[in-house]
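Below is one structure, written out as structure tokens, with a few remarks after it.
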Amino acid sequence: MKSYEIRHLYLDFFKEKGHSVVPGSGLIPFDDPTLLFTSAGMVQFKKFWATDTPLSYPRATTCQKCLRAGGKDSDIDKIGITGRHHTFFEMLGNFSFGDYFKKEAIEWAWEFVLEHLKIPAGYIWVSYYEKDDETKEIWKKFLPVERIVPLSDKDNFWGPAGETGVCGPCTELYIDTGIKKGCSSGCRPGCECGRFLEFWNLVFPQYDKQTDGTLLPLKRRGVDTGMGLERITRIMQNAPSNYETDLFLPIIKKIEDISGCSYDKDEKKKPSFRITADHIRAAVFLIDENVLPSNEGRGYVLRRIIRRAEMAGADLDIKEPFLH
Ligand code: SER
């Protein structure tokens, strides 16, 4: 299945379930000085949960461009190493603002994964917040209890995006990529070895975190989910990492043409290919929103991204400017 087909399948599925299909927002949050960049689908909706003013829709679904390259949510140091993190990526999401809650969010996630993506149930594991028994009970309808794994707040209490605001317990869906990829026979979701690939996070926003760390109840509780398009595309295309998918291969091919190096044949050069392919996407989408390289703030993040991509290019023996 192509990445553009996955985007449409997701948005159409949630439209059928009564969600408004809303355009993703820009990478620069339009009314949120606490954030450098849009780091998740929920960013444009933060106020929907925090206030009780009337809303035009109680359910929404989006495909949101995200950047995690500066501030608390940055993944920049993992790029190239893990094969599953990005600075720029797309997040598919469905949202409820004081409308449906855990039961529907989990049932629809299960229905989408099994009946529409057609992933066999035997490959799916989930994690949940260790104090959230309600979520565990809902999953027990679908999965044997050994594949429903409790994790602490470090892994399964999400947010806020930035230092303050909307947050809550979450439950994550993983695909088991096989015992041979695991670090030990007891390896489970939550382990960093890469055997279990997390691809969908269902968050249940319930709290509004204050600057002093206090968690106040939100005006509207709800649902905020995020499925990484690059990760689900990798799963659907049976690729060894996010980079061997239709989202990245054309860029990798171009880097091969420019550098004369081979992505497949030279394992040692793979991280440099991946860094370059990841960072060029981030740079293009930032410049598209009028961010230019500078010494501070967003411009500094862009400058760092371009510099790292140029250095990765040098590792691939590229001697001339090439990112353009
Ligand atoms: N906000 C959550 C995340 O970023 C779910 O969308 O993972």
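Across region 2-28, what is the number of residues that are within 14 Å of the ligand (Cβ to nearest atom) and under 24 Å from residue 74 (Cα atoms)?
2
With respect to residue 137, is the statement that it is in a strand (DSSP E or B), closer than 24 Å to residue 220 by Cβ and acidic (Asp, Glu) true?
No, not satisfied.
Filter region 64-100 down to the residues that are within 15 Å of the ligand (Cβ to nearest atom) and under 28 Å from residue 18 (Cβ atoms) and list them by number.
64, 65, 66, 89, 90, 91, 92, 93, 94, 95, 96, 97, listed by residue number.
Give region 214-243 a look and list any residue that's away from the ligand (no atom under 16 Å from the Cβ), of a type in the set (S, T, N, Q) and outside any loop (DSSP other than H, G, I, E, B), or say none.
233, the sole residue that qualifies.
Does residue 211 satisfy being closer than 30 Å to residue 98 by Cβ and assigned to a strand (DSSP E or B)?
no
Among all residue pairs at least 6 apart or on different chains, which show Cβ distances below 7 Å where the first residue, located in region 271-297, is within 15 Å of residue 258 (Cβ to Cβ) and the second is among the hydroxyl-bearing types (Ser, Thr, Tyr)?
These pairs meet every condition: 273/263; 277/243; 279/87.
Within the set of pairs 6 or more residues apart or between chains, which connect a residue that is over 22 Å from residue 62 (Cβ atoms) inside region 202-231 to a residue that is among the hydrophobic types (A, V, I, L, M, F, W, C) and more than 12 Å from the ligand (Cβ to nearest atom) with Cβ atoms less than 6 Å apart?
207/215; 209/215
Of a type outside the set (Gly, Ala, Ser) and over 25 Å from the mean Cα position of the chain (by Cα), is that true of residue 266?
Yes.
State yes or no: is residue 97 closer than 21 Å to residue 244 by Cα, of a type outside the set (Ser, Thr, Tyr) and modelled with pLDDT of 95 or more?
Answer is no for this residue.
Look through region 42-63, keep the residues that are within 15 Å of the ligand (Cβ to nearest atom) and among the hydrophobic types (A, V, I, L, M, F, W, C), and return whichever of them is farthest from residue 205 (Cα to Cα).
Looking at the filtered set, the residue picked out is 63.
Please work out which one of (1) out of contact with any Lys or Arg (no Cβ under 6 Å at 6 or more places or on another chain); (2) exposed (fewer than 15 other Cβ atoms within 10 Å of the Cβ) is the condition residue 208 fails and give its number.
Exception for residue 208: condition (2).
Does region 276-298 contain at least one residue that is loosely packed, with under 14 Cβ neighbours inside 10 Å and under 20 Å from the mean Cα position of the chain (by Cα)?
The answer is yes; a qualifying residue exists.
Identify, from the list 137, 192, 111, the residue that is more than 22 Å from the chain's Cα centre (by Cα) and more than 16 Å from the ligand (Cβ to nearest atom).
Of the residues listed, the single one that is more than 22 Å from the chain's Cα centre (by Cα) and more than 16 Å from the ligand (Cβ to nearest atom) is 137.
Report, by residue number, each residue of region 242-268 that is touching a residue at least 40 places away in the same chain (Cβ under 8 Å) and in contact with a Ser or Thr (Cβ under 8 Å, 6 or more places away or on another chain).
Correct list: 242, 245, 246, 247, 255.
With respect to residue 163, determine if the residue is within 16 Å of the ligand (Cβ to nearest atom), acidic (Asp, Glu) and crowded, with 21+ Cβ neighbours inside 10 Å.
The answer is no for residue 163.
Among the candidates 130, 134, 198, 146, which residue alone is touching a Leu at 6+ places or on another chain (Cβ under 8 Å), at pLDDT 95 or above, over 27 Å from residue 89 (Cβ atoms) and not aliphatic (A, V, I, L, M)?
130
Are there any pairs, at least 6 apart or on different chains, whose C-beta atoms fall under 8 Å, with the first in region 121-138 and in contact (Cβ under 8 Å) with a residue 24 or more places away in the chain and the second in a helix (DSSP H, G or I) and hydrophobic (A, V, I, L, M, F, W, C), and if so, which?
From residues that are in contact (Cβ under 8 Å) with a residue 24 or more places away in the chain, the pairs are 124/113; 126/139; 128/139; 135/106; 138/106.
What number of residues within region 1-24 satisfy the criterion of being part of a loop (DSSP other than H, G, I, E, B) and crowded, with 18+ Cβ neighbours inside 10 Å?
The number of residues fulfilling the criteria is 3.
Among the candidates 37, 48, 88, which residue alone is under 23 Å from residue 238 (Cα atoms), touching a strand residue (DSSP E or B) at 6+ places or on another chain (Cβ under 8 Å) and surrounded by 14 or more Cβ atoms within 10 Å (Cβ to Cβ)?
Only one candidate qualifies: 88.
The values are calculated or read from the model by the stated rules, or taken from the named source; none is laboratory data. Quick caveat, the model's predicted, so the values are computed rather than measured. Note that we place each Cβ from the backbone using ideal geometry, even for glycine, and neighbour counts take in every protein chain shown.
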